[in-house]
1. Check off (1) within 19 Å of residue 133 (Cβ to Cβ); (2) within 25 Å of the chain's Cα centre (by Cα); (3) modelled with pLDDT of 90 or more for residue 34 and give me the number that stays unchecked.
2. If you go through the stretch 171-188 one residue at a time, do you hit one that is at pLDDT below 90, under 29 Å from the mean Cα position of the chain (by Cα), among the aliphatic types (A, V, I, L, M) and crowded, with 16+ Cβ neighbours inside 10 Å?
3. For residue 97, indicate whether it is at pLDDT 90 or above and either in contact with a helix residue (DSSP H, G or I) (Cβ under 8 Å, 6 or more places away or on another chain) or within 30 Å of residue 67 (Cα to Cα) (or both).
4. Looking at the stretch 139-156, is at least one residue of a type in the set (Phe, Trp, Tyr) and more than 30 Å from residue 192 (Cβ to Cβ)?
5. Quick one: which helices (runs of 4 or more DSSP H) lie wholly within the stretch 75-140 and hold at least 1 residues that are touching a residue at least 40 places away in the same chain (Cβ under 8 Å)?
6. Condition test on residue 145, is it part of a helix (DSSP H, G or I), among the charged types (D, E, K, R), in contact (Cβ under 8 Å) with a residue 24 or more places away in the chain and within 23 Å of residue 15 (Cβ to Cβ)?
7. Report yes if residue 156 is aliphatic (A, V, I, L, M) and free of Cβ contacts under 8 Å to residues at least 24 places away in the same chain, otherwise no.
8. Tally the residues that are surrounded by 15 or more Cβ atoms within 10 Å (Cβ to Cβ) and either more than 16 Å from residue 82 (Cβ to Cβ) or among the β-branched types (Val, Ile, Thr) (or both), restricting the search to the stretch 122-144.
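The values are calculated or read from the model by the stated rules, or taken from the named source; none is laboratory data. None of these values were measured; they are calculated from a predicted model. Cβ placement follows ideal geometry from the backbone for every residue including glycine, while neighbour counts extend to all protein chains displayed.
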Amino acid sequence: MTRAPDEEHVGQTRQYWRDMILGVNDGLVSMYLLVAGVVGGGLATAQVFLTAIAGAIAGAVSMGAGEYLATKSQEEVLTSELKLEREHIADHRQMELDQLRGMFEDMGILEDDLEGIVSAFDRSDEALLNAMKALEFGVVDSERRSPFRAMAFSAVLFAFGSLSSVAPFAFVADATTGLIWASILSAVGLFAVGMAKTMVTRTNPILAGLENLVIAGIGGLIAYYIGALVGTPV
């Protein structure tokens, strides 16, 4: 029987793929919707360009700050919970061991093996804490995220993703022409991001790319016509 090749795991970047995909995708989609809306509203090219630059800067700062605060808050909550868990292990050890036994039972560990496994964890406070950290809180140290890295990935990649919608308006005189180029570049970017994420999700790259395109395309049409509707009386 032919064995599948020994494929490597993603590694230490795995926990940051959410930030990377969210950052670049949000930059591509939100900035495209912004320029589509203001072009639909009848703004001149220079006005669209200024609006797009302001939106890109605001979006990058907002994404970075939001990811930093969210990740830092999550880490602070976990630190507090682990401190409380240490107190539980010291003051209510049997309750924690019974809880651990129940979690192992839920995992399908046979009854004959349970006592020996739980007893092994009972011999070490650190081992018991690590077991509870993984099973009760769903946390593995290698998967924890740095607030600074999460912020950097989100902000930088948002700015990078926004370029496809900002840059065209720096080189064209007509806003509609700029929107056409923004649509083309954003479509290429969205399809590429959809395909790129399949390197780690191991799903169909074509379907992932098309999914990104369809979502952004529908949003772009809605934004353009809402802009046209609002901009007409103005």
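1. Among (1) within 19 Å of residue 133 (Cβ to Cβ); (2) within 25 Å of the chain's Cα centre (by Cα); (3) modelled with pLDDT of 90 or more, the lone unmet condition for residue 34 is (1).
2. yes
3. Values: at pLDDT 90 or above: yes; either in contact with a helix residue (DSSP H, G or I) (Cβ under 8 Å, 6 or more places away or on another chain) or within 30 Å of residue 67 (Cα to Cα) (or both): yes.
Yes, satisfied.
4. Restricting attention to the stretch 139-156, the residues satisfying the condition of being of a type in the set (Phe, Trp, Tyr) are 148, 153.
Add one more test, that the residue is more than 30 Å from residue 192 (Cβ to Cβ), and what stays is none.
Checked the stretch 139-156: no residue is of a type in the set (Phe, Trp, Tyr) and more than 30 Å from residue 192 (Cβ to Cβ).
5. Numbers: elements: 93-106, 111-122, 125-135.
The qualifying helices (runs of 4 or more DSSP H) are 125-135.
6. Details: part of a helix (DSSP H, G or I): no; among the charged types (D, E, K, R): yes; in contact (Cβ under 8 Å) with a residue 24 or more places away in the chain: yes; within 23 Å of residue 15 (Cβ to Cβ): yes.
No.
7. Values: aliphatic (A, V, I, L, M): yes; free of Cβ contacts under 8 Å to residues at least 24 places away in the same chain: no.
So residue 156 does not fit the description; no.
8. The total comes to 2.
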